[in-house]
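Just below is one structure, and these are the notes that go with it.
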Amino acid sequence: MSTLERMVAPAEDRWPADGGVPGDALGQVLLASHLLGADRAVANFGGGNTSAKGRAADHVGRQVEVMWVKGSGSDLATMERKDFTALRLDEVLALFERDEMSDEEMVAHLARCQIDPAAPRSSIETLLHAFVPAAHVHHTHPDAVGVLAGTRDGERLVDECFGREAVWIPYIRPGFTLAKQVGEAVREHPAARLVILAKHGLVVWGDSAEEAYRRTIDTINRAAEFVNARTADQPRFGGPAAGDALDSGARRELLRAVLPALRGAVSSERSKVLVVDTSARVEEFVTSRAAGELVGVGAACPDHLVHTKRLPLWVPFDPEGDDAGALTERVRQLVAGFRRDYLAYVDQHRDEATAPADPDPRVVLIQHVGLVGVGASTREARLSRDLYHRAIEVMAGAHALGGFTSLTEQESFSVEYWPLELYKLSLRPPPGELQGKVALVTGAAGGIGRAVVDELAAAGACVVAFDLDGEGAAEAVEPLGDAGRAVAGDVTIEATVREAFGQAVEAFGGVDIVVLGAGVASSAPIGETTLAEWERNHTVLGTGYFLVARDTFRVLRAQRRGGAIVVVASKNALVAGKNAAAYSSAKAAELHLARCLAEEGGPDGIRVNTVNPDAVLQGSRIWDSGWREERAGAYGIEPDELEDYYRRRTTLGVNVLPEDVARAVLHFASEARSGKSTGNILNVDGGVSAAYPR
Ligand SMILES: [Zn+2]
């Protein structure tokens with residue numbers, strides 16, 4: 001049976017067979033945490049928590065009983081020792097005697113139990129760990145357990161699968177009451193070895209981290225075996241729906257055509273980045289019979305809610321009857337409808353203090369096509385996508401076992417807007433001013449281009465580096481990881497430019513900022529200027545800028561969210577450069593192209609502005625070519641005297657550096673800085689009076 005056919009996958013026992021296990025309890029729970037997080041079908045990103053009880057010294061050296069528990073906001077797979085918070089166990093256990101407790105009281109109490117007040121706030125499930133009387137407690141949300149916990153008849157099935165070894169706790173939001181219920185249930189059922197929290201997850205315990213870890217894996221594998229045996233004769237999601245799936249080429253074309261409209265539609269309050277997933281698991285789901293119904297049931301785990309919302313957006317698509325135009329229109333309408341429904345849901349359950357979250361969908365499923373994760377950064381978009389993969393696996397098994405069930409609307413709302421859940425989100429680094437924006441930079445491998453890539457990325461943008469030199473472009477975006485994409489190509493070839501935008505759309509869903517920086521230069525008196533030289537300047541600087549600008553307009557107009565084009569021209573666009581007519585006239589064409597496009601783009605919120613650098617020698621490829629000798633010859637000086645020459649000729653007496661130009665580009669790229677400027681020129685030339693605009 002192939003992986004795809006199997007209803008639920010088993011988990012691998014990763015505990016080291018020999019050696020490699022730390023001697024101390026904290027080291028052991030850290031190891032177990034990493035092993036649990038190593039398989040996202042066992043512990044999803046940021047989800048689940050672990051603890052260990054033992055002895056440690058307090059701030060005056062007294063040995064006290066403590067519990068180390070995962071801090072809020074860390075991830076099991078990557079957490080470190082410092083991400084565990086040590087609490088005085090007797091002070092936490094004192095709460096077990098209470099009958100009820102508000103979240104605020106609980107958080108305040110736990111803060112006072114911390115051995116180190118500067119440690120992170122302890123997990124929202126801290127009390128659950130404390131109230132289970134065992135040295136090691138692990139809480140996860142594995143797919144296989146989620147299937148049983150998320151099936152309508154889950155309680156009976158858990159009983160059939162695990163008998164007296166399992167305790168079933170009906171759904172209740174995490175907090176004091178759930179912790180108390182679990183603590184009491186474990187005490188009342190001496191045969192119990194695990195607790196299954198309905199519509200939520202798994203709690204196990206043991207005398208050692210190894211025992212607790214192995215119990216998690218064993219529970220998953222027994223659940224998977226049970227589910228697979230019960231559903232052996234059933235296809236996942238009821239099998240494929242009627243109609244042929246798109247082949248990969250047609251799907252790609254369709255996505256390139258539709259994603260900018262989708263991206264614009266889901267960027268109502270802030271710009272979003274899209275991540276597309278057409279993997280086999282996703283394809284199986286979006287082409288299935290049951291998907292359309294399953295997507296409307298709700299989240300597969302309360303942990304997903306702040307990252308996926310209660311529901312994804314489902315976009316019906318018929319590969320035979322619909323085309324890209326129809327799908328584009330449908331996407332716009334459905335996103336608007338999603339927003340209305342979401343705000344109505346918030347309105348129905350909110351109190352006066354609730355501020356509605358961003359109402360756009362975080363997961364979009366296009367029937368027969370794929371899944372699109374939506375987020376303010378690639379990290380967030382990927383997280384939404386990854387969590388929905390977990391949901392797909394849970395729904396597969398639960399659907400086959402008799403019906404997938406989820407939190408009610410009220411239950412979902414009270415987790416999605418739970419202050420303790422929102423607190424986790426508040427721990428993220430503050431957004432940069434270009435967060436959610438996508439920039440495409442031509443000439444990205446050059447000195448100015450690289451500085452522009454760095455500047456825009458530092459402000460939070462995703463960057464597509466486009467350059468003839470593919471290796472140089474790749475180097476420019478290498479530090480950006482997922483937030484960068486390199487495209488090798490020639491700005492003067494129509495199909496290549498189209499391809500670069502296609503790749504930007506595939507990588508991030510579209511673009512917002514396009515920096516036209518690819519350049520060449522040559523210098524010669526008019527009598528010695530060859531036709532080839534003339535044409536090279538005008539092709540790269542004129543035609544190349546036109547082609548990139550034209551595709552920019554196409555994508556920006558599809559997004560319907562405005563945008564910024566920044567033309568990197570030259571002081572020579574304004575100043576009559578002696579012995580550089582081909583270059584200077586082509587630069588003047590760029591400048592005037594920018595002004596014309598500013599006029600055309602205005603009604604769509606597309607701003608087009610020009611930065612005019614002068615004599616940026618550092619890191620420049622142009623200046624490493626014959627241009628340095630040629631310019632020095634024109635001024636009657638030696639090539640190595642150029643820096644000094646240029647500095648002296650400026651009003652401010654300075655040399656212009658690539659980062660000076662990059663900051664000017666950022667000014668025009670940023671809505672916050674220059675949102676009401678278009679058709680403008682910013683000279684970055686140290687002051688050249690002949691270039692003063694008038
Ligand atoms: Zn949980």
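The values are calculated or read from the model by the stated rules, or taken from the named source; none is laboratory data. Only a predicted model underlies this, so the values are computations on that prediction, with no experimental measurement involved. Here the Cβ positions follow ideal geometry from the backbone for every residue, glycine too, while neighbour counts run over all protein chains shown.
Counting only residues that are in contact (Cβ under 8 Å) with a residue 60 or more places away in the chain, give me the helices (runs of 4 or more DSSP H) lying completely in the range 596-693 with at least 1 of them. Don't jump to the end; show me each part of the working.
Numbers: elements: 627-635, 642-649, 658-669, 671-674.
Passing ranges, in order: 627-635, 658-669, 671-674.
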> What single numbered condition from (1) surrounded by fewer than 17 Cβ atoms within 10 Å (Cβ to Cβ); (2) within 19 Å of PRO133 (Cα to Cα) fails to hold for LEU197?
Replying inline: (1)
> Residues in the range 287-296: is at least one polar (S, T, N, Q) and without any contact (Cβ under 8 Å) to a residue 60 or more places away in the chain?
Replying inline: yes
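Condition check: away from the ligand (no atom under 16 Å from the Cβ), among the hydrophobic types (A, V, I, L, M, F, W, C), touching a Phe, Trp or Tyr at 6+ places or on another chain (Cβ under 9 Å) and under 19 Å from ALA261 (Cβ atoms). Does LEU294 satisfy that? Write out each step before concluding.
On the way: away from the ligand (no atom under 16 Å from the Cβ): yes; among the hydrophobic types (A, V, I, L, M, F, W, C): yes; touching a Phe, Trp or Tyr at 6+ places or on another chain (Cβ under 9 Å): yes; under 19 Å from ALA261 (Cβ atoms): no.
When the stated conditions are applied, LEU294 does not pass them.
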>> Just to verify a result, which residue in the range 266-321, among those that are surrounded by 24 or more Cβ atoms within 10 Å (Cβ to Cβ) and of a type in the set (Lys, Arg), is nearest to GLY175 (Cα to Cα)?
In response: LYS309
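With respect to GLU269, is the statement that it is closer than 19 Å to TYR342 by Cβ, acidic (Asp, Glu) and not in a helix (DSSP H, G or I) true?
On the way: closer than 19 Å to TYR342 by Cβ: yes; acidic (Asp, Glu): yes; not in a helix (DSSP H, G or I): yes.
So GLU269 fits the description; yes.
Are any residues in the range 187-235 within 16 Å of the ligand (Cβ to nearest atom) and among the aliphatic types (A, V, I, L, M), and if so, which ones? Even if it seems obvious, please write down each step before you answer.
Pass one, the range 187-235, residues within 16 Å of the ligand (Cβ to nearest atom): 194-205, 212, 216, 219-220.
Matches in the range 187-235: LEU194, VAL195, ILE196, LEU197, ALA198, LEU202, VAL203, VAL204, ALA212, ILE220.
Tally time: how many residues in the range 241-264 are part of a helix (DSSP H, G or I) and either touching a Cys at 6+ places or on another chain (Cβ under 6 Å) or within 22 Å of GLY321 (Cβ to Cβ) (or both)?
Narrowing the range 241-264 to residues part of a helix (DSSP H, G or I): 248-264.
Subsequent filtering for residues that are either touching a Cys at 6+ places or on another chain (Cβ under 6 Å) or within 22 Å of GLY321 (Cβ to Cβ) (or both) retains 248-259, 261-262.
Selection size over the range 241-264: 14.
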> Inside the range 14-115, counting only helices (runs of 4 or more DSSP H) that do not spill past its ends, which hold 3 or more residues that are within 16 Å of the ligand (Cβ to nearest atom)?
Replying inline: 25-37
> Looking at the range 511-528, which of the residues that are of a type in the set (A, V, I, L, M) and at pLDDT below 95 is surrounded by the fewest Cβ atoms within 10 Å (Cβ to Cβ)?
Replying inline: ILE526
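Residues that are in a helix (DSSP H, G or I) and either in contact (Cβ under 8 Å) with a residue 60 or more places away in the chain or under 18 Å from LEU666 (Cα atoms) (or both): does the range 515-526 have at least one? Before you say what the answer is, go through the steps one by one.
At the first step, the residues of the range 515-526 found to be in a helix (DSSP H, G or I) are 526.
From what is left, the residues that are either in contact (Cβ under 8 Å) with a residue 60 or more places away in the chain or under 18 Å from LEU666 (Cα atoms) (or both) are none.
Checked the range 515-526: no residue is in a helix (DSSP H, G or I) and either in contact (Cβ under 8 Å) with a residue 60 or more places away in the chain or under 18 Å from LEU666 (Cα atoms) (or both).
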>> Checking ARG14 against (1) in the same structural domain as PRO142 (by TED's automatic domain parsing); (2) at pLDDT 95 or above: exactly one of these is not met. Which one?
In response: (1)
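Is it true that SER384 is surrounded by fewer than 20 Cβ atoms within 10 Å (Cβ to Cβ) and outside any loop (DSSP other than H, G, I, E, B)? Lay out the reasoning, then the answer.
Values: surrounded by fewer than 20 Cβ atoms within 10 Å (Cβ to Cβ): no; outside any loop (DSSP other than H, G, I, E, B): yes.
Taking the combined requirement at face value, the residue does not satisfy it.
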> Out of all the residues in the range 138-168, which are within 12 Å of the ligand (Cβ to nearest atom) and either in a strand (DSSP E or B) or within 28 Å of SER102 (Cα to Cα) (or both)?
Replying inline: HIS138, HIS139, THR140, HIS141, GLY146, ALA149
> Just one of THR552, THR496 is buried (at least 24 other Cβ atoms within 10 Å of the Cβ), at pLDDT 95 or above and assigned to a helix (DSSP H, G or I); which is it?
Replying inline: THR552
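Condition check: more than 26 Å from the chain's Cα centre (by Cα), acidic (Asp, Glu) and under 23 Å from LEU343 (Cβ atoms). Does GLU411 satisfy that?
Numbers: more than 26 Å from the chain's Cα centre (by Cα): yes; acidic (Asp, Glu): yes; under 23 Å from LEU343 (Cβ atoms): yes.
So GLU411 passes the test.
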